[in-house]
1. Tell me which residues, restricted to the stretch 291-329, are assigned to a helix (DSSP H, G or I), out of contact with any Leu (no Cβ under 6 Å at 6 or more places or on another chain) and among the small types (Gly, Ala, Ser).
2. Being among the acidic types (Asp, Glu), farther than 23 Å from ALA261 by Cβ and modelled with pLDDT under 90 is the requirement here; does GLU316 meet it?
3. With (1) outside any helix (DSSP H, G or I); (2) charged (D, E, K, R); (3) touching a residue at least 24 places away in the same chain (Cβ under 8 Å) as the list, and ASP287 as the residue in question, which single condition is left unmet?
4. It is to be established whether one or more residues within the stretch 243-251 are touching a Pro at 6+ places or on another chain (Cβ under 7 Å), under 25 Å from PRO276 (Cα atoms) and not basic (Lys, Arg).
5. Within the stretch 198-213, is even one residue surrounded by fewer than 16 Cβ atoms within 10 Å (Cβ to Cβ), outside the structural domain of THR148 (by TED's automatic domain parsing), farther than 22 Å from SER301 by Cβ and of a type in the set (Ser, Thr, Tyr)?
6. Any chance the stretch 177-191 includes a residue that's within 30 Å of SER301 (Cα to Cα) and free of Cβ contacts under 8 Å to residues at least 12 places away in the same chain?
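The values are calculated or read from the model by the stated rules, or taken from the named source; none is laboratory data. Computed from a prediction, not measured in an experiment: that's the story for all the values here. Cβ sites come from the backbone with ideal geometry, for glycine too, and all protein chains shown count toward neighbours.
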Amino acid sequence: MSLLMDVLRKLQFQRRRPRVHPVLLKKKDTGSRRLLILLIAGVFLLSTGIAYYLTNIVASRITAGVPAPVVQRPTDTTPPPRTSEPEQEPNPRPEPREESTPPTELKEIRTVKVEPREEVKKITEDMEEKQERPKPMPARVITLEDPTTYLVMADRYFREGNLIKSREYYEKTYSLMKTQKVANNLIVVCVRLGDLACAERVIEENPQENLVYTYLMELSRVGRPAEVIELAKKYTHLDKKGALSFALGYAYEKLGDYAKALRNYKTAYAKDPYNPYFAYNYARLLDYTRSYREAYRIYSSLKNLDIDPRIKRSVEERLKLLRFLGFGE
């Protein structure tokens, strides 16, 4: 019975004891061994260091009492050198000399005036007399008359509606700068002021087709188309590109004579068929007088010309309508 109780106690003790893997047990043993080896190595190194230090101290104390050996230098057996004067350098530097001042006679240089001979003096005087002296330049006259300034002032007064001031500055500009633009604007202002003599004077000085065209068209615009018909006869010789024929047709249209107006528009279009204004007004009057097929043809030719956007819009509308009515292609 007691034996059985011992066996049970051993089994119970083994159950309470924690189980450890044998590999782990070996690792624990190896770790403790390593620590022991490192501890022994450290103690050994420390002891050897202490022993080395103590031996050095003892050796230094022993050598301190012994005197150091005296080393004798070998005696020089060569004879002493002969005494002689010191040798000079091969190229001794020259001692600096004091700067010598030049003599007083060289410091003061006297200028002796040499009088020319009488003959030479006479020749030079003759040459100076014969030499032409430069003439004084005439004083430059600065005027305040600037045609560009006058032109700007004239244009500004024209836009403001002050025709009297505008005419004054246009005349000043024209007296200094007789260009086509200035002459054209002066004619417009003169016609609007009712001064036809001024406009005709400018045309007589510049007999150009464009200026006559401006003169006649401006007369029609201010309500004097009857005078255009009379004046056009005076300038028929200047009608080279159809401008006067067009101005005459415009005056007849203002008067209500569409047959004569159409005839003059046709003449202007025949002389310059590439003028968009001539072509458009001719086609417009043909359309108005019910010549639809001819009007459609002239309208169609305007497609290839560079015309005003408003005229282009009107042409497209008329072509569309005429095509709808059956007079087009």
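1. SER300, SER301, SER314
2. Details: among the acidic types (Asp, Glu): yes; farther than 23 Å from ALA261 by Cβ: yes; modelled with pLDDT under 90: no.
Here the answer is no, as GLU316 does not meet what is asked.
3. (1)
4. The initial filter retains those residues of the stretch 243-251 that are touching a Pro at 6+ places or on another chain (Cβ under 7 Å), namely 251.
Cutting the leftovers down to under 25 Å from PRO276 (Cα atoms) gives us 251.
Narrowing further to those that are not basic (Lys, Arg): 251.
The answer is yes; a qualifying residue exists.
5. No, the stretch 198-213 contains no residue that is surrounded by fewer than 16 Cβ atoms within 10 Å (Cβ to Cβ), outside the structural domain of THR148 (by TED's automatic domain parsing), farther than 22 Å from SER301 by Cβ and of a type in the set (Ser, Thr, Tyr).
6. Residues of the stretch 177-191 that are within 30 Å of SER301 (Cα to Cα), as a first pass: none.
Looking for residues that are within 30 Å of SER301 (Cα to Cα) and free of Cβ contacts under 8 Å to residues at least 12 places away in the same chain, one finds none in the stretch 177-191, hence no.
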